[in-house]
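Step one of this worksheet: look at the structure below.
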């Protein structure tokens, strides 16, 4: 066929009712637009959203691995004197020197096939005054296990993580949705008491998994019994001054504010922090879904919290890849630290936060390490509030 | 004559550029991650590498058994689906819907049916109660069984497609004879299954090959397959020590390579023979699928997609969470859409280039096409977590960890390359099919000059078969939208994507958000996937 005739036939033919000329031109234009958009978007897609800028890191502890002193996606952290206690996704509880990263002792949880712990708290021994214990939220086994510190026996084998844990001094919970039982435990917070006969008067336990709430166990005789619970699964706010209508969606961490006599709860999937009285009555919420996208206060999956004595709290944002300092009274953001990334000073999915001396230690979970930076609080207010019974009037 | 010579010269240049582009693509998807892996292995040493490789015999056996089980189940479920795809009449349009789950997340069936064993349900309480009474194995077995069954339902349409190619060649006389000789439906089906036993076995093998990879439900249920074990090792090993992990992962990589080479050799031989004989692809069954076959196919689709989505929807406590999800996670949504768009365009280009090269009269172009087809097939058969981890290793080696816009751009390129490695084979296959389906008259030597000019190829080949690579591009984009395995390994921290949101929702039981992600992906992908598949099917019937 003559070339000119072929050209005429080609361009005049219809293709699904659209002229081929138009279809091909439109296709080329669409292809060009798509390519250019992709090229324009590609660099931007890799950029982290602006947060607080890199941390001014003073120390980096740990790296990926399963040897002592290494971590496999660490999930919870707390301070024990001048050391750190960390639990990770390999179900190891490790005590670490924060200055050097040296492994000081630890053990593997007794069971972990169904899942690993996601919460750890160091607090007063439930029965012995003047001694500390570690409260492990054994999430997928629906229980809180309390172990003695400071791991004297295990520190003799400080070259390795002990395969068997010490004998627990207390076990709370068991699977269920009724009072005193748990589905997936996330954290436990012991309430110190000034009475040496009762070093711990209450234990608060948070859980999720369709039974999202905070349960309270009180010291009765030689043990602890369920007293009350507050919260139901959902996204509602509840009524200030009451436990009624309070809802949680994965309450991940608990923190006791000794100066105010309050309990703070990181309501992670509702993107907020709740303030409650020690009897579980709502005081107010900080953040929330309506604050998302509205600076300066935007909490994206707040997981860890540490209360400072200057009336502020440090919150590690799992989704925001940063640490946010909030004013507890006013509910405003007074500082953001860190940004997303893998370099020193950057964070990836931080799960927890703890304060030792003048240093804040952030559990940089996605990078399998802990990063320390200088506490933003004034020197006189460095310590975490409410530790070891200091300043507590008790319930 | 002068115009023909000029056109031929231009066509030669076009073939040369196409071949160069295809070779560059093969080098990118194989070479970039390969360099990082080779460096890690070199640092490890041969003895240590062999030791590490020897430690995964157990997981390899588990992988083989699991893949075989899923393959057999998928093949069985896929029989009625294949019959509907191959049938005549308007019922064939149902094939578009039946194939849809293939481009949607693998985890839909696992997550949806898993709702029935949630802690607050009767079944969930019974399982945990039994575990606490001593049957600690029960929750684990239930979880793993659910993962296997969910994947079988997801892969059943793929098995159906493989079977449909054979079903379409069933002689009408055989079907009529079956109806006359036996009133029993089951006996007629048994006869047809015997006739097509090879195709059904092949479909099980194809699905089994895919399931040797790192399917997310197997990871979530902690089934100790080779890919799951390697996934865990990768997350718990620093970059400096990954040589040992790569050595342990080598059986999967080697198997993917061997399978790719074998399939390329087999397919090239088959295509050459078919072209030489002037074969025409079967146009489909001469009869309509029965109501029973259609019913079974629809039931399989419901189990794979509809019922799980409804179960997830029922679990939603607050629909406000679902509706505000796109706003709340706008950065993740846009990031995923942008990545999908770029990957779709790249796959389209691969498909068009392969279509040109496979149909070229020049040997070097055809060799380049087979080379990239083999490379993309090898990377597609390699577990996704290995692809992502390899790209991540290369990303780190090339200075991606330096941060800033360079690091960010490199991270995004790593993600896109990973997706191209995983799904680019769809474009290559579309190009092969496009070239294979050229009208026989155009292959005759007398018409060589018509095909040999770029314009003529565009008019007589590409414009008639463009919907094939377009359909492959759309399918690739849909799969990229929710691909988890490579994404979680390669994507740097920062803006989320839908895949990471979905994995977090699965891990942390954020059921409202999981429902939101799945509904969003299904709502976005379903009409696009349906349009794309319809286009592919319509084009392949011409």
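General remarks:
- Among the residues of the stretch B:149-157, at least one is buried (at least 16 other Cβ atoms within 10 Å of the Cβ), more than 14 Å from every other protein chain (Cβ to nearest Cβ) and closer than 13 Å to residue B:220 by Cβ.
- Filtered residue count, the stretch A:54-92, keeping only those that are under 21 Å from residue A:321 (Cβ atoms), more than 9 Å from chain B (Cβ to nearest Cβ) and surrounded by fewer than 21 Cβ atoms within 10 Å (Cβ to Cβ): 5
- Here residue B:382 passes the criteria (1) surrounded by 23 or more Cβ atoms within 10 Å (Cβ to Cβ); (2) within 13 Å of another protein chain (Cβ to nearest Cβ); (3) at pLDDT 90 or above except the one numbered (2).
- Here residue B:115 passes the criteria (1) away from chain A (no Cβ under 14 Å); (2) under 27 Å from the mean Cα position of the chain (by Cα); (3) at pLDDT below 90 except the one numbered (1).
- All conditions in (1) within 14 Å of another protein chain (Cβ to nearest Cβ); (2) within 19 Å of residue A:63 (Cβ to Cβ); (3) in a strand (DSSP E or B) hold for residue A:372, with the sole exception of (1).
- Considering B:183, B:251, the condition of being surrounded by fewer than 21 Cβ atoms within 10 Å (Cβ to Cβ) and at pLDDT 85 or above is satisfied by B:251 alone.
- Scanning the stretch B:55-63 turns up one or more residues that are assigned to a helix (DSSP H, G or I), in contact with a helix residue (DSSP H, G or I) (Cβ under 7 Å, 6 or more places away or on another chain), crowded, with 24+ Cβ neighbours inside 10 Å and touching a residue at least 40 places away in the same chain (Cβ under 8 Å).
- Number of residues in the stretch A:216-261 that are closer than 17 Å to residue A:205 by Cβ and not in a loop (DSSP other than H, G, I, E, B) equals 22.
- Odd one out for residue A:260 among (1) at pLDDT below 95; (2) closer than 26 Å to residue B:505 by Cα: (2)
- Looking across the stretch A:95-149, the residues that are assigned to a strand (DSSP E or B) and within 18 Å of residue A:251 (Cα to Cα) come down to A:119, A:120, A:121, A:135, A:136, A:137, A:138, A:143, A:144.
- Total residues in the stretch A:314-330 satisfying the condition of being in a strand (DSSP E or B) and within 14 Å of residue A:252 (Cβ to Cβ): the figure is 3.
- Residue A:51 vs. criteria surrounded by fewer than 21 Cβ atoms within 10 Å (Cβ to Cβ), within 14 Å of another protein chain (Cβ to nearest Cβ) and either at pLDDT below 90 or assigned to a loop (DSSP other than H, G, I, E, B) (or both): no
- Inspection of the stretch B:231-243 identifies no residue that is closer than 30 Å to residue B:370 by Cα and either surrounded by fewer than 16 Cβ atoms within 10 Å (Cβ to Cβ) or touching a helix residue (DSSP H, G or I) at 6+ places or on another chain (Cβ under 8 Å) (or both).
- Counted as qualifying within the stretch A:55-94 are the strands (runs of 3 or more DSSP E) with 1 or more residues that are at pLDDT below 95, over 20 Å from residue A:374 (Cβ atoms) and in contact with a strand residue (DSSP E or B) (Cβ under 9 Å, 6 or more places away or on another chain), namely A:74-80, A:83-88.
- Qualifying residue in the stretch A:300-318 (condition: surrounded by fewer than 19 Cβ atoms within 10 Å (Cβ to Cβ), in contact with a helix residue (DSSP H, G or I) (Cβ under 9 Å, 6 or more places away or on another chain) and at positive phi): yes
- The residues on offer are B:253, B:229, and the sole one that is away from chain A (no Cβ under 11 Å) and either in contact with a strand residue (DSSP E or B) (Cβ under 9 Å, 6 or more places away or on another chain) or over 23 Å from residue A:65 (Cα atoms) (or both) is B:253.
- Subset of the stretch A:228-252 (residues that are more than 14 Å from chain B (Cβ to nearest Cβ), surrounded by 16 or more Cβ atoms within 10 Å (Cβ to Cβ) and either within 21 Å of the chain's Cα centre (by Cα) or modelled with pLDDT of 95 or more (or both)): A:229, A:230, A:246
- Residue B:151 vs. criteria under 21 Å from the mean Cα position of the chain (by Cα) and modelled with pLDDT of 80 or more: yes
- Any hit, the stretch B:333-355, residues being out of contact with any strand residue (DSSP E or B) (no Cβ under 7 Å at 6 or more places or on another chain), modelled with pLDDT under 85 and either farther than 20 Å from residue B:502 by Cβ or at the interface with another protein chain (Cβ under 9 Å from one of its Cβ atoms) (or both): no
- Here residue B:488 meets each of (1) at the interface with chain A (Cβ under 9 Å from one of its Cβ atoms); (2) under 27 Å from residue B:382 (Cβ atoms); (3) in a helix (DSSP H, G or I) with one exception, condition (1).
- Residue A:336 out of contact with any helix residue (DSSP H, G or I) (no Cβ under 6 Å at 6 or more places or on another chain), part of a strand (DSSP E or B), more than 10 Å from chain B (Cβ to nearest Cβ) and surrounded by fewer than 23 Cβ atoms within 10 Å (Cβ to Cβ): yes
The values are calculated or read from the model by the stated rules, or taken from the named source; none is laboratory data. None of these values were measured; they are calculated from a predicted model. FYI the Cβ positions are ideal-geometry reconstructions off the backbone, even for glycines, and counts take in every protein chain you see.
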